[in-house]
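Shown next, in structure tokens, is the structure this report addresses.
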Amino acid sequence: MMRQLPGTLALMLLALLLADVLYAISVVPRLNTVQTTPMLWWVVVALPVVVALIVIAGRLRSWTELLVSALAGAMVVQVYVVARVLLGLPGTRNTSVHADLALLNGRVFAVSLPCLLIILATIFAIGRLARHDASAG
């Protein structure tokens, strides 16, 4: 697992960057044309992160690796969001998050860790069940 950790971190960071790019080019220019943002737009924006999580979960070999990957992923998300806020990138200016810098106390980590654990565990368990069924049948 330790050899896979840099790749896991890089994949997670790349997925977050790509999601932000998709948001900037596909959602932001159209925001003034709709009252509510269509769900499909959010699905498109979330797709890089979903694909990255599927790839990460597919490479896991144990529940310990899953826990380490979720911890690492949550740290990447925390650092990424704090960096965006501190750099004042679009979507972070003049917000309550930026005003009190609540992100610096680990709230993003506290939310993203259980989310990543649940998502990775679900994908990992489905993969294990599929492999078990394939080998049994």
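The values are calculated or read from the model by the stated rules, or taken from the named source; none is laboratory data. This is a predicted model, so every value here is computed, not measured. Neighbour counts are summed over all protein chains in view; Cβ atoms, including those assigned to glycine, are modelled from backbone coordinates with ideal geometry.
Give L104, L40, L89 a once-over and let me know the one that is in a helix (DSSP H, G or I), at pLDDT below 90 and over 14 Å from the mean Cα position of the chain (by Cα).
The match here is L104.
Among the residues of the range 21-55, write down those that are in contact (Cβ under 8 Å) with a residue 60 or more places away in the chain and not aromatic (F, W, Y).
Result: A24, V28, L53, I54.
Rundown of residues vs (1) at pLDDT below 90; (2) hydroxyl-bearing (S, T, Y); (3) more than 20 Å from V111 (Cα to Cα); (4) surrounded by fewer than 18 Cβ atoms within 10 Å (Cβ to Cβ), yes/no style:
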position	(1), (2), (3), (4)
L53	no, no, no, no
V68	no, no, no, yes
R93	yes, no, yes, yes
S96	yes, yes, no, yes
A99	yes, no, no, yes
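Would you check which residues across the range 23-37 are within 15 Å of L47 (Cβ to Cβ) and of a type in the set (S, T, Y) and list them?
Y23, S26
Would you mind finding the one in V111, V82, V77 that is modelled with pLDDT under 90, over 16 Å from L17 (Cβ atoms), in a helix (DSSP H, G or I) and of a type in the set (V, I, T)?
On inspection, the qualifying residue turns out to be V111.
Of L22, L18, which residue is farther than 20 Å from I119 by Cα, aliphatic (A, V, I, L, M) and touching a Leu at 6+ places or on another chain (Cβ under 9 Å)?
L22
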